[in-house]
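Some notes on the structure that comes next.
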Amino acid sequence: MSTSTDHGRPDPEATPSALSRDGRPVSDRGDTICVIGAGASGLTAIKNLREHGFGVDCYERETGVGGAWNWRHDRSPVYASTHLLSSKPFTQFPDFPMPDSWPDYPHHSQLLSYFERYADHFDLRSHIWFGTEVIRVEPAAGERWDVTTRSTGGYGPERTSQYAAVVVANGHNWSPKLPRYEGLEQFRGEIMHASSYKDPAQLRGKRVLVVGAGNTGCDIAVEAAQQASRCWHSTRRGYWYAPKYVLGRPADQVNDSLLALRVPLRVRQWLYHWTLRLTVGDLTRFGLPRPDHRVYETHPIANSQLVYYVGHGAIGPVPDVARFHPYAVELTDGREIDPELVIFATGYLPRFEFLDASVFGDSAGVGRPTLWLNAFTPGHPTLAVAGLVQPDSGLFTLSHWQMVLFARLLQARRDRPDRAAAFAQRVRDRAGERYSAQVKESSRHWFEVGHADYLRAVQRALHDLEGK
Amino acid sequence: MSARSELRIMRGREWSRPVRAARREVLSATPELEEGRPPLLFVPGFGHGAWAFAEHWLGHAASRGFPAYAMSLRGHGASEPAPEASLRAYAHDVVQVAAGLPRQAVLVGHGAGALVVAHALARYPARSAVLVAPVFGGWGVLGAALRRNPSGTLPAVFGGPLRLSRGQLFSRELPDAEARRHIARLGRAGRRAQWALLGEPEAEPAVGAPPVLVLGSPDDRVVPTSTLNRVARRYGSAPLLFPGMGHDLMLDARWAEPIDAILDWLEKEPAAH
Ligand SMILES: Cc1cc2nc3c(=O)[nH]c(=O)nc-3n(C[C@H](O)[C@H](O)[C@H](O)COP(=O)(O)OP(=O)(O)OC[C@H]3O[C@@H](n4cnc5c(N)ncnc54)[C@H](O)[C@@H]3O)c2cc1C
Ligand SMILES: NC(=O)c1ccc[n+]([C@@H]2O[C@H](COP(=O)([O-])OP(=O)(O)OC[C@H]3O[C@@H](n4cnc5c(N)ncnc54)[C@H](OP(=O)(O)O)[C@@H]3O)[C@@H](O)[C@H]2O)c1
């Protein structure tokens, strides 16, 4: 295991052959492809592009691989107790399984070792420039890209290299979404975003308010129930809290048995309600709000413990926060509570700070690009995004197939330009397509995908690209 | 091109019904000096265990600088008993062991182990693969086996053990005592896996387009030369032939020739990418 920065690195110090638009020297990297980020998505991009015969330079701002799953990274959102949400078969790369000896839902440290082994097994590190940050990506002539980098933290000179294609794999769980509230500045207690929450010791003996019921908020509320002197959990709607096991198996495996049989959504929703009735029953009797949506219409929560601790009275469900006072928090039902620590588990927003928002058709510049298959940009056939999906399952399988598709598209550009052109047309026609059943409107749901719908769409795209 | 479009992304059954974990035997021989060669993973055929490779090939590969590993499929050798094992479970075993090796591996399958490797190649991007005297199933193989060894083969058709005879496995050059010693170690594959040899659909295409070498003996009494040709054609090549040897090339008297040919090929072979 190594996180050093001096692995046999590629040398983009090719001969400066051109000048960029503002006159900086640009080294031409020929047919090489640039990958931004060496998290799970970046690693699978390198592996699959190499497997299809392409040269790759990957830039990673941190000093190791694994992205979000590398707890040493300053932007890593994982906390000590993070375990997978989706069971192993849904989470591992489809061609590199996790060991049989691991549990159904491995711990985040196992995920890191998994990505490190993936990198070593396929000899990916020699293609990665660690400690190097991409600060600008600009379209160049001939559908090529000028990529400007510098040492992370802004040290050292900037360097611009020109690539045949770019894969953006910078992750979407590192830039905190922090809601604004009246009076927040005057609040005398401690506030933090969940991204800074690492360890239950931070909660010990305190009166804690957790805001938000994504998986992060639920995990932290459960830990607060055990560590804090008091725990309130504020949500702006009711949710469906799914257990990690049902009917004797990991819940996602049971659900996929139904998906494989193409059991309709309505029937699956009914089955879900029925299993809930057999276990925890109606949650409103605990003071939890009634969900304002059906099962599967918000990003799934997999947490067997939240309801349990609500049942113990250790988590007090409360409504949305209305405003902050210096020593109290006012809730939308008029109640006031007095937490010492408020944790906003309100999620993250995608950000592409190195790319002009217009390239992505993100006219509002809010990190919501208009893409086909959440990966392909109209008018930019040599640009792909990896991992910009919020699946109801593991993400890595999806990133893997996105990159297989992109690699084959790049091959088609060389060998079958007609097919590549037809693909580009489909990207233009179908950008913005969604791959999930109806979901609740929320900043986190625009890139929600159902893994089965999504992978079927990728499979069709591959067939259309390569079929007879 | 057509093989590529068969690529299957949706694997609902595999996701929702993962193969049960099983303890597996893995033997190894590693070179004294790490020379950056890819690791080899030997996969024995039905009835055989890792021991079949530990006899000669493991040590020989290591002596030529290749880290070499041999595994026993579940229910074989010193791996966990698994009477109900399916072909899919065997392929799972191979992928598990391969992915656990430090670097991208070369898969070497013998006999029905070659069929297991062909299935594993659809789930693991091997650096390259070698199919030794591949038993890819079908009625032809059954016919040949029934003709040559009716009493050993017939019970297998009804779910009993398959018993291979000395004449099928070894040439006359191999001393009797040695042949007896090997035959005494033979076990049996799961009933479901044996039946799969007759009816199972073909393996999905290999991922990562690895180069594949096929080799065998024209005097193999289990795998006719026509099968060697057919399998090799599937992977776009012709088989390497070692006349005068029995089915168990890794145990037969002249075991060194095929393994040297494999290692020579690996040294010259263009990388998978
Ligand atoms: C608490 C938590 C738990 C989660 N659990 C699961 C789960 O169980 N299953 C699941 O599938 N997903 C889970 N996720 C989602 C998670 O985002 C993905 O698992 C995964 O980390 C995405 O991988 P990625 O490579 O796309 O992004 P990341 O892991 O974020 O990697 C992006 C990489 O790009 C680098 N980078 C970013 N910008 C630049 C730049 N400008 N220049 C150079 N390098 C750059 C970063 O340093 C980082 O290494 C979880 C997320 C959180 C917050
Ligand atoms: N493996 C694991 O154990 C694990 C753990 C944690 C997270 N994750 C994954 O990581 C990703 C991010 O999860 P997350 O929980 O950090 O974020 P998230 O899924 O985006 O959830 C954010 C929560 O905050 C609420 N919220 C957002 N803005 C708000 C506002 N202005 N006021 C009040 N409430 C607001 C949201 O409500 P709405 O319902 O209105 O959107 C939602 O309940 C997800 O994909 C998740 O599955 C995995």
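Remarks
- Any hit, region B:149-168, residues being surrounded by 14 or more Cβ atoms within 10 Å (Cβ to Cβ) and within 30 Å of B:Glu269 (Cβ to Cβ): no
Let's see how each residue does on (1) at pLDDT 95 or above; (2) more than 30 Å from B:Ala209 (Cβ to Cβ); (3) within 11 Å of ligand 1 (Cβ to nearest atom); (4) not hydroxyl-bearing (Ser, Thr, Tyr):
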| position | (1), (2), (3), (4) |
| --- | --- |
| A:Arg29 | yes, no, no, yes |
| A:Cys34 | yes, no, yes, yes |
| A:Gly39 | yes, no, yes, yes |
| A:Phe54 | yes, no, no, yes |
| A:Glu60 | yes, no, yes, yes |
| A:Ala68 | yes, yes, yes, yes |
| A:His73 | no, yes, yes, yes |
| A:Lys88 | yes, no, yes, yes |
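- When each of A:Gly365, A:Gly394 is tested for being more than 16 Å from ligand 2 (Cβ to nearest atom) and outside any helix (DSSP H, G or I), the lone residue that passes is A:Gly365.
- Residue that is farthest from the other protein chains (Cβ to nearest Cβ), among those in region B:179-198 that are surrounded by fewer than 16 Cβ atoms within 10 Å (Cβ to Cβ) and without any contact (Cβ under 8 Å) to a residue 40 or more places away in the chain: B:Arg180
- Against the test of being free of Cβ contacts under 8 Å to residues at least 60 places away in the same chain, within 14 Å of another protein chain (Cβ to nearest Cβ) and at negative phi, the options A:Leu278, A:Leu283, A:Leu258 yield a single qualifying residue, A:Leu258.
- Filter pass, A:Pro89 being within 14 Å of chain B (Cβ to nearest Cβ) and surrounded by fewer than 20 Cβ atoms within 10 Å (Cβ to Cβ): no
- Residue count for region A:188-221 under the criterion of being open to solvent by less than 10 Å² (accessible area, probe 1.4 Å) and either more than 13 Å from ligand 1 (Cβ to nearest atom) or farther than 12 Å from A:Leu306 by Cβ (or both): the result is 9.
- Test result for A:Ser363, small (Gly, Ala, Ser) and within 14 Å of chain B (Cβ to nearest Cβ): no
- Leading residue by the ranking (farthest from ligand 2 (Cβ to nearest atom)) among those in region A:68-77 that are within 24 Å of A:Lys244 (Cβ to Cβ) and open to solvent by 10 Å² or more (accessible area, probe 1.4 Å): A:Trp71
- Scope region A:403-443; condition away from chain B (no Cβ under 14 Å) and outside any helix (DSSP H, G or I); matching residues: A:Ala431, A:Gly432, A:Glu433, A:Arg434, A:Ser436, A:Ala437, A:Gln438, A:Val439, A:Lys440, A:Glu441, A:Ser442, A:Ser443
- Residue in region A:153-160 that is on the phi < 0 side of the Ramachandran plot, assigned by TED's automatic domain parsing to the domain that holds A:Phe396, in contact with a Cys (Cβ under 7 Å, 6 or more places away or on another chain) and crowded, with 18+ Cβ neighbours inside 10 Å present: no
- Once region A:444-468 is narrowed to residues that are assigned to a loop (DSSP other than H, G, I, E, B) and away from chain B (no Cβ under 14 Å), the residue that is surrounded by the fewest Cβ atoms within 10 Å (Cβ to Cβ) is A:His445.
- Selection within region A:321-334 - touching a strand residue (DSSP E or B) at 6+ places or on another chain (Cβ under 7 Å) and open to solvent by 50 Å² or more (accessible area, probe 1.4 Å): A:Arg323, A:Thr332
- Of all residues in region B:1-20 being facing another protein chain (nearest Cβ under 9 Å) and part of a helix (DSSP H, G or I), the one that is farthest from A:Ala452 (Cα to Cα): B:Ser2
- Region A:78-96, subset touching an Asp or Glu at 6+ places or on another chain (Cβ under 7 Å) and within 19 Å of A:Gly387 (Cα to Cα), residue farthest from ligand 2 (Cβ to nearest atom): A:Pro89
- Residue within region A:222-231 that is in contact with a Pro (Cβ under 8 Å, 6 or more places away or on another chain), closer than 25 Å to A:Ser443 by Cα and not aromatic (Phe, Trp, Tyr) present: no
- Within region A:334-355, the residues that satisfy the criterion of being in a loop (DSSP other than H, G, I, E, B) and either within 16 Å of the chain's Cα centre (by Cα) or within 9 Å of ligand 2 (Cβ to nearest atom) (or both) are A:Ala345, A:Thr346, A:Gly347, A:Leu349, A:Pro350, A:Arg351, A:Phe352.
- Looking only at residues in region A:129-169 that are within 12 Å of A:Gly37 (Cα to Cα) and of a type in the set (Phe, Trp, Tyr), the one that is nearest to ligand 2 (Cβ to nearest atom) is A:Phe130.
The values are calculated or read from the model by the stated rules, or taken from the named source; none is laboratory data. These numbers were taken from a predicted model, which means no experiment stands behind them. Because the Cβ atoms are built from the backbone with ideal geometry, glycine has one as well, and the counts that use them run over all protein chains shown. The accessibility values were calculated without ligands, DNA or RNA, using every heavy atom of the protein model including side chains. Shrake-Rupley method; radii C 1.70, N 1.55, O 1.52, S 1.80 Å.
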